[in-house]
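Each remark here refers to the structure printed beneath this line.
The values are calculated or read from the model by the stated rules, or taken from the named source; none is laboratory data. Being a predicted model, the structure only gives us computed values, none of them experimental. Using ideal geometry, Cβ is built from the backbone for each residue, glycine included, and neighbour counts are taken over all protein chains shown. What goes into the accessible areas is simple: the full protein's heavy atoms, side chains included, and nothing from ligands, DNA or RNA. Shrake-Rupley method; radii C 1.70, N 1.55, O 1.52, S 1.80 Å.
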Number of protein chains: 2
Amino acid sequence: MNMTTEAVILGNGDYPSHPYPLNVLRQAPYVVCCDGAADEYIRHGFLPDAIIGDGDSLSSENREKLATIFHQIKDQETNDQTKAVRFLKAQGKRQITIIGGTGKREDHTLGNISLLMDYMQEGLQVRMITDYGIFIPSCDTQRFDAHPGQQVSIFNFGATGLQGEGLAYPLSDFNNWWQGTLNEATGEEFCIHATGKYLVFINF
Amino acid sequence: MNMTTEAVILGNGDYPSHPYPLNVLRQAPYVVCCDGAADEYIRHGFLPDAIIGDGDSLSSENREKLATIFHQIKDQETNDQTKAVRFLKAQGKRQITIIGGTGKREDHTLGNISLLMDYMQEGLQVRMITDYGIFIPSCDTQRFDAHPGQQVSIFNFGATGLQGEGLAYPLSDFNNWWQGTLNEATGEEFCIHATGKYLVFINF
């Protein structure tokens, strides 16, 4: 489950309040803010390394003051989160943590979460840390650290042969999002056997 | 898009803050609270008609005081939202609005949203109103009220032949959740042509 984070993307959702994402954000070697998220980040006393977006939510004050690090990318086909991922990919950064990707509009939340699967497809290791847990896009058989009783949800993105080891409830080739929710780890780790893509949410 | 609400389910997510869901909640002819959501509802000065759940998040004070309206349903196979829907269905109530179904844990949010599709399958008309918009589970060709520029997202649940009318960007048979997000209505209504199930989110 551990991963070195080369960069953090701070999204336009809710600013984190849980100590875990706040800590990851504080220790990040490189921080890219999605548009208006930079306003929040600066209000909290930090300075981003880069700001990405179409500039429609960034304050005009910060837009002017931080013109040198603001990379305006107008592209109706992708959202700001994906623009930030591509910006980092172009720099050779592949281990990325997204914070502030959920909260506020639910359609954005759904979109941002599902995009993790696309980033994995592109060979990147992109995780999302929220105020409640971690989303880990996964493929084929994978092992995860946990603690006994830790709550785990699995969302299927076309995987077959899904089987759990070290989980309280059996897995199957779920069709609907809710079917793999509310499982839990029975020990210090669990393993998911599958062929194909699925998304794991581990609650703190 | 208009629908008479026979009952509101107040879920265990974030208590609403937007005037639209607050109004629907205030005018509801019948309110079922999911477990601990009753504590919040009572704290806001209301009294639910029923409380459904396994009782693990309801305060012991309210559990005792409201014992006559507390229906304890222990069932590991469903969540509190679905227990509330089934409770209402048993009373013959079919037009249901869910409020407080999102926010807090993202795996619960995803689960609660996707369950709307299952309720539709059971012949119920269940919508979810959040602080940002309305989720409408839909099937085949349907028409929706809107205002010009209103933001719309479409999530595909296996529909084919998806085509929009009165939307700014073309639809297709999306595979990934994000692909149908960030569309918008061009006029006073829009229409989605399809065969099969999809979920529409209309931003306020």
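A few comments on the model shown:
- So B:D140, is it among the acidic types (D, E), farther than 23 Å from A:H108 by Cβ, at the interface with chain A (Cβ under 9 Å from one of its Cβ atoms) and surrounded by fewer than 21 Cβ atoms within 10 Å (Cβ to Cβ): no
- Qualifying positions in the stretch B:122-139 - in a strand (DSSP E or B) and in contact (Cβ under 8 Å) with a residue 60 or more places away in the chain: B:Q125, B:R127, B:I129, B:G133, B:I134, B:F135, B:I136, B:P137, B:S138
- When residues of the stretch A:15-61 are limited to those that are in a loop (DSSP other than H, G, I, E, B) and touching a residue at least 60 places away in the same chain (Cβ under 8 Å), the one surrounded by the fewest Cβ atoms within 10 Å (Cβ to Cβ): A:S17
- Residue that is over 30 Å from B:P16 (Cα atoms), open to solvent by 10 Å² or more (accessible area, probe 1.4 Å) and either within 14 Å of chain B (Cβ to nearest Cβ) or in contact with a Pro (Cβ under 6 Å, 6 or more places away or on another chain) (or both), where the choices are A:G166, A:G123, A:G158: A:G158
- Which listed residue is out of contact with any strand residue (DSSP E or B) (no Cβ under 6 Å at 6 or more places or on another chain) and at positive phi, from A:G45, A:G55: A:G45
- Just one of (1) in a strand (DSSP E or B); (2) open to solvent by 50 Å² or more (accessible area, probe 1.4 Å) fails for A:E64. It is (1).
- Residues located in the stretch A:132-178, provided they are of a type in the set (A, V, I, L, M) and in contact with a Gly (Cβ under 7 Å, 6 or more places away or on another chain): A:I154, A:A159, A:L171
- In the set (1) within 14 Å of chain B (Cβ to nearest Cβ); (2) more than 28 Å from A:Q27 (Cα to Cα); (3) assigned to a strand (DSSP E or B); (4) not aliphatic (A, V, I, L, M), the condition left unmet by A:S172 is number (3).
- Scope the stretch B:174-194; condition open to solvent by 70 Å² or more (accessible area, probe 1.4 Å) and farther than 22 Å from B:R127 by Cβ; matching residues: B:N175, B:Q179, B:T186
- Flag for B:I96 being touching a helix residue (DSSP H, G or I) at 6+ places or on another chain (Cβ under 7 Å) and not assigned by the TED database to the domain that holds B:D35: no
- Among the residues of the stretch A:175-192, those identified as modelled with pLDDT of 95 or more and not in a strand (DSSP E or B) are A:T186, A:G187, A:E188.
- Only residues that are without any contact (Cβ under 8 Å) to a residue 40 or more places away in the chain, assigned to a helix (DSSP H, G or I), open to solvent by 50 Å² or more (accessible area, probe 1.4 Å) and not aliphatic (A, V, I, L, M) were counted across the stretch A:71-120, and they come to 2.
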